[in-house]
Amino acid sequence: MPDPRSGIKFFTLDEANALLPKVRQQIGLLREIRQRIVGLQARVDIEELTAAGNEPDRRRIEGLLKTIDADVQAFHKALEAFQALGCELKDLEKGLVDFYSMRGNDVVYLCWMDGEESIQWWHSLDSGVKGRQQID
């Protein structure tokens, strides 16, 4: 449920678990785009190191840079779509995602990491993943 005062979406455990298929899909998309960007940047680096100032090499590098720019824009758009889900991506590499929730009167994070079947952990807002505690 969104809190109109803060703009933060609060999730029940069931709501957060129901969102996991979409979260997994978005993480996969973000990783795919990031991998393309890293690969293209490596190609640019190699081209720049081996180019002897040839015009064809410059055109090829400029083409790669335009592709990288388009992929960076696609990454930002995918990240905005992820953020619109209401959860927070903490670490793309690990697939670490937090969902605001209430535990009694306290605001906490429900914590999920890629590879986990469902959300089984929570932690305080200031403890981070190291403070994860199993949900009773």
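The values are calculated or read from the model by the stated rules, or taken from the named source; none is laboratory data. Predicted, not measured: the structure shown is a model, and the values here were computed from it. Quick reminder, even Gly has a Cβ in these numbers, built from the backbone with ideal geometry, and neighbours come from all protein chains shown. Surface accessibility is based on the protein's heavy atoms, side chains included, excluding ligands, DNA and RNA. Shrake-Rupley method; radii C 1.70, N 1.55, O 1.52, S 1.80 Å.
If you take every residue apart from L49 with its C-beta less than 15 Å away from the C-beta of L49, what net charge results, scoring Lys and Arg +1 and Asp and Glu -1? Present the calculation step by step, with values, prior to reporting the outcome.
On the way: positive: R43, R58, R60; negative: D45, E47, E48, D57.
Taking every other residue near L49 into account, the sum is -1.
Taking 0.36 nm per residue of separation and subtracting the Cα-Cα distance, what length does fully extending D69 through I135 add? Each step should come with its number before you reach the end.
Working: separation 66, 0.36 × 66 = 23.76 nm, distance 4.22 nm.
Stretched out fully, the D69 to I135 stretch lengthens by 19.5 nm.
Through the Karplus equation 6.51 cos²θ - 1.76 cosθ + 1.60, θ set to phi - 60°, convert the phi angles of segment 117-127 into ³J(HN,Hα) values in whole Hz; use x for Gly and Pro.
Taking θ as phi minus 60°, the curve returns 5, 8, 7, 10, 10, 9, 7, 5, 5, 9, 8 Hz for segment 117-127.
Applying the Karplus parametrisation 6.51 cos²θ - 1.76 cosθ + 1.60 with θ = phi - 60° to the phi angles of segment 64-75, what ³J(HN,Hα) value in whole Hz is obtained for each residue in order, glycine and proline being reported as x?
These are the phi-based 3J(HN,Hα) values: 5, 5, 5, 5, 4, 4, 5, 5, 5, 5, 5, 4 Hz.
Given the -39500 (n - 2.57) contribution per DSSP H run of 4+ residues, what per-residue ellipticity at 222 nm results for the chain, rounded to the nearest 500 deg cm²/dmol? Before the final figure, lay out the partial values.
Details: 2 runs with 68 residues, N = 136.
When only DSSP H runs of four or more count, the value is -18500 deg cm²/dmol.
Over the chain, what percent of the accessible surface lies on carbon and sulfur atoms, probe 1.4 Å? Let's see the in-between values first.
Details: 4460 of 8510 Å².
Accessible surface attributable to carbon and sulfur in the chain totals 52 percent.
Using a Cα-Cα cut-off of under 22 Å, which lysines could be cross-linked to K77, ignoring same-chain neighbours fewer than 8 residues away?
Of all the lysines, those that pass the test against K77 - Cα under 22 Å, at least 8 places apart if same chain - are K9, K22, K66, K90, K94.
How high is the relative contact order of the chain, in percent, counting Cα pairs under 8 Å that sit 6 or more residues apart?
Details: 155 pairs, mean separation 29.8, N = 136.
Here the relative contact order equals 22 percent.
Subtracting the Cα-Cα distance from 0.36 nm times the residue separation, let me have the gained length for M102 to R36 in nm, one decimal.
On the way: separation 66, 0.36 × 66 = 23.76 nm, distance 3.81 nm.
The M102-R36 span can extend by a further 20.0 nm.
Provide the per residue accessible area, probe 1.4 Å, for segment 52-109, rounded to a whole number of square angstrom. If you can, show how the numbers build up before the last one.
On the way: 3500 Å² over 58 residues.
Accessible area per residue: 60 Å².
Give me the compactness ratio for the chain, meaning the Cα radius of gyration over 2.2 N^0.38 Å. Mind showing how you got there, number by number?
Working: Rg = 19.8 Å, N = 136, 2.2 N^0.38 = 14.2 Å.
With N residues counted in the chain, Rg over 2.2 N^0.38 Å equals 1.39.
Under 5 Å between amide H atoms, partner at least 5 residues away or on a different chain: which partners does L96 have, H built in plane at 1.01 Å?
K90, D91, D114
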